[in-house]
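> Before anything else, here's the structure in question.
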Amino acid sequence: MFKRLVFIIILFFSFNSYGQDINELRKKASNSSDSELIVFIKKAKDQGLSLMDAEKQLILIGGKAQEIKKLRDLWNKKLPISSSTDLVNYKEIQSKFGDTEAFVVDSIDIKDEVEELKRFGSDFFKNKNITEAPQLFVATPSDYRLGPGDELIINLFGASENTYSVQISRNGNVKFDKLAPIYLSGLSIRSATKRLKSRLSKIYTGLNSSNSIEKVDLELSLQKARTIVINITGQVEAPGTYTISGFSSVLNALYAAGGPNEVGTYRDVKVIRSGKIVYNVDLYDYFANGIYPNIYLRDQDVILVKPYQIQTELVSGFKQLSLFEMKENETVTDLINLSGGLSSNAFKSAIFIERFNDFSKSVFEVDSNDFSNSVFVDGDKVSFKEIKEENISGVVKIGGAVNLEGNFQLDNNKNVKELINSAKGFSKDKLGKNAILYRNDRGLNNESVSLNIENNSDLLTTLNENDSLYIPSTKDILFDQFIEIKGEVNFPKEIDFRYGLTITDLIIFSGGLTPYANKKDIRIFRNTSINGNDEVTEEIIIELDDNLIPNQNIVLQPDDIVTVNTFPYRIENKFYSVVGEVALPGLYSIKRKNYSVYDAIKENIEFLNSASVDGISIVRDSIRIPVSGNKLISQGSKSKYNFELVSGDEINIPAKNNTVTISGEVQQEGIINIDKPISAKIAIQSVGGFTNKSVKKEVYVEYQNGLRKVTRGFLFFKLYPRVFPGSKVVVPERDENRDKTSVGEIVGYTTSLVSIIALIKSL
């Protein structure tokens, strides 16, 4: 029942929104758990559907007041999941539609969605692509004030040419040969240029000459700005003392401190110098109007950011919805200009302000005529009402299985038939002969009317303003059926079933045929068990021509399985590899059935002089198979050491190795050289012999080909295996716990002994 309810809601949503992606909405509601309904609501919100639309549809299908309330509650909650892949985490959500009690979700905690609004301008100070360092590779501004530590370049050109690189001393002077110190500290670039011309004219008389032949020009530029120490205090993210370039502006310095915090002012940043306020900087001049606060700081300046005085929240109807700081006398008109203007769908004739009073809130309306006279108080929430998209006058709507969806003029479409004609008729996906006329008189007397579009009387039904006509489509029908194609295609897969799919379509969807596909042997397996016969599967064999056209016109059905077979007797190529001490290592083909290691050695492997033939092994699926090479070669293909190769095998031929490794519980692990086979015991004695933890009866030898041999016992003797060059001798360690007798075992032995003694006495 709930599936049907959700499906009807989807159907009406698609009817009322036409342009929305009905397929996406339908997918979200194709299952019936409440968790999926939450995903569907989120998707509907993302596509612009309103709560009013949802309420209308629920009323139409008989929803009661309690259900409408639950819908509103859920609509305004923060949805806890973001995609359909998360649904498995919310299986515990239980349906409460129709329940008169409050809506409860036990398995998750849905909190009110409170989106934190940003302060206008705060993004600038959070931008990681910006640096607090000023751009030094620009022309030095003429109003830059020089100070101790600045490095200057003075270029003289014309009748005399020379270049001076000087630094302003701590006393504020620069020094030239044969001249008294020239004081430049505190001067702008423009003033310093004039002073230098005046003083240097004693050396270069052409600086004061008007004769073009004798004239000398002077150019002053800043090579490297001094560093200054400033203090940034007040309501900033990171107040403190900062060492920055003297070329820095107030904006550079504030960026270094993280900018104003959540209560710091953007409109009245104070620069204090020698205890006096020398500048009041309004950062909104830059953020809103692009006027850069080109004020250069000096050593020991203080930047003070006090708390803001008035902050407003832009709720709706503006192009930017943010927190805006306002000055004391700024009006609604100023706010509109600062925020970039109103949104296109805002009702611009009045603004609504929600304001805190002493013990309550009030909302009042300001007419557009009073915008230039109305000021704000701190905490005001400001909004322009938004005109809903559906409030279009003189239109009727049509959607679904028609060639043109959307709004049409009522004057030219008085009845259903005329509206269908304006939509250029039905599309090929029309489903059945019914249509739904949704009638909405601005929210009053809502109703839906079922029409027969093959009945002339219904086609002549008169339309009213804002009527909506929906023509059902085959796309509205949910399918959970597939067709599978497998075999010699590039991408075997399951494909969503759609009526009209052909064999050719399936092959194209699966990436086409492989080079080994047998076009003469395409089989369709169809489940016929519902017929009640003994045969539960029907097999249909078809052939394809070179253009993939089948020789039979077969209508595919849901759950058909299509197989593309290969050619008769075809066997895929199989390969093995050879590595190690051979003349030509590499990949080789398994040429025939029962192809063996002996065949590979005989046909493809030429051993190097360094090869250890007895060390040959095969690696198959990480398992090492020992091969006794010399015995195999001498005994031939019938040898018990011959193995049949399979695809992926690796034949490993190691190099000769005259060493033997002895490890485990010996006096000293080591490596020895041998030139002939010896006993494992002799090898162990060569490294000091056994320890008191050695398990002598379990000593084993691993040969170069991977074969292992263990020590055997005969009466009281131990027969140790032979050791060949390249082998490993391993002496296991005794398990101390294995030799200990537990209390339980002692009790068991004692009980058994007592029982035996009692039995003997009774005889």
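The values are calculated or read from the model by the stated rules, or taken from the named source; none is laboratory data. Quantities reported herein were computed from a predicted structural model and do not represent experimental measurements. Note that each Cβ is placed from the backbone with ideal geometry, even for glycine, and that neighbours are counted across all protein chains shown.
> Would you please name the residue that is nearest to THR659 (Cα to Cα), looking only at residues in the range 711-745 that are in a helix (DSSP H, G or I) and modelled with pLDDT of 65 or more?
The qualifying residue nearest to THR659 (Cα to Cα) is GLU736.
> All but one of (1) under 30 Å from THR331 (Cβ atoms); (2) buried (at least 17 other Cβ atoms within 10 Å of the Cβ); (3) touching an Asp or Glu at 6+ places or on another chain (Cβ under 7 Å); (4) among the hydrophobic types (A, V, I, L, M, F, W, C) hold for ILE398, so report the exception by its number.
If we test ILE398 against (1) under 30 Å from THR331 (Cβ atoms); (2) buried (at least 17 other Cβ atoms within 10 Å of the Cβ); (3) touching an Asp or Glu at 6+ places or on another chain (Cβ under 7 Å); (4) among the hydrophobic types (A, V, I, L, M, F, W, C), just (1) comes out false.
> Give the number of residues within the range 243-267 that are surrounded by fewer than 19 Cβ atoms within 10 Å (Cβ to Cβ) and without any contact (Cβ under 8 Å) to a residue 60 or more places away in the chain.
Of the residues in that region, 3 qualify.
> Moving to a separate point now. Quick one: which of TYR144, TYR164 is among the aromatic types (Phe, Trp, Tyr) and at pLDDT 80 or above?
Just a single option satisfies the conditions, and that option is TYR164.
> Can you spot a residue in the range 682-698 that is within 29 Å of ASN642 (Cβ to Cβ) and modelled with pLDDT of 90 or more?
Within the range 682-698, none of the residues are within 29 Å of ASN642 (Cβ to Cβ) and modelled with pLDDT of 90 or more.
> Right, something else. Restricting attention to the range 268-290, does a residue exist that is touching a Ser or Thr at 6+ places or on another chain (Cβ under 7 Å) and surrounded by 21 or more Cβ atoms within 10 Å (Cβ to Cβ)?
Checking the range 268-290: not a single residue is touching a Ser or Thr at 6+ places or on another chain (Cβ under 7 Å) and surrounded by 21 or more Cβ atoms within 10 Å (Cβ to Cβ).
> Provide a single number: the residues in the range 380-408 that are of a type outside the set (Asp, Glu), at pLDDT 90 or above and more than 19 Å from ASN434 (Cα to Cα).
The qualifying residues number 5.
Let's see how each residue does on (1) in the same structural domain as ASP649 (by TED's automatic domain parsing); (2) part of a strand (DSSP E or B); (3) touching a residue at least 12 places away in the same chain (Cβ under 8 Å):
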{"position": "GLU535", "(1), (2), (3)": "no, no, no"}
{"position": "ASN547", "(1), (2), (3)": "no, no, no"}
{"position": "LEU587", "(1), (2), (3)": "yes, yes, yes"}
{"position": "TYR598", "(1), (2), (3)": "yes, no, yes"}
{"position": "ASN609", "(1), (2), (3)": "yes, no, no"}
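> Name the one entry in SER343, SER349 that is more than 30 Å from ASP150 (Cβ to Cβ), without any contact (Cβ under 8 Å) to a residue 24 or more places away in the chain and not charged (D, E, K, R).
SER349
> Test ILE672 against the stated conditions and say whether it is more than 30 Å from GLU488 (Cβ to Cβ), at pLDDT 90 or above and in a helix (DSSP H, G or I).
The answer is no for ILE672.
> When PHE371 is evaluated against the numbered criteria (1) surrounded by 16 or more Cβ atoms within 10 Å (Cβ to Cβ); (2) more than 17 Å from THR312 (Cβ to Cβ); (3) touching a residue at least 24 places away in the same chain (Cβ under 8 Å); (4) of a type in the set (A, V, I, L, M, F, W, C), which criterion, by number, is the only one it fails?
Failing condition for PHE371: (2).
The rows are residues; the columns are (1) buried (at least 17 other Cβ atoms within 10 Å of the Cβ); (2) within 42 Å of the chain's Cα centre (by Cα).
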residue	(1), (2)
TYR516	no, yes
ASP521	yes, no
SER529	no, no
VAL536	no, no
ILE541	no, no
ASP546	no, no
GLN552	no, no
PRO558	no, yes
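> Is one or more of the residues making up the range 629-643 assigned to a strand (DSSP E or B) and surrounded by fewer than 19 Cβ atoms within 10 Å (Cβ to Cβ)?
Taking every residue of the range 629-643 in turn, none turns out to be assigned to a strand (DSSP E or B) and surrounded by fewer than 19 Cβ atoms within 10 Å (Cβ to Cβ).
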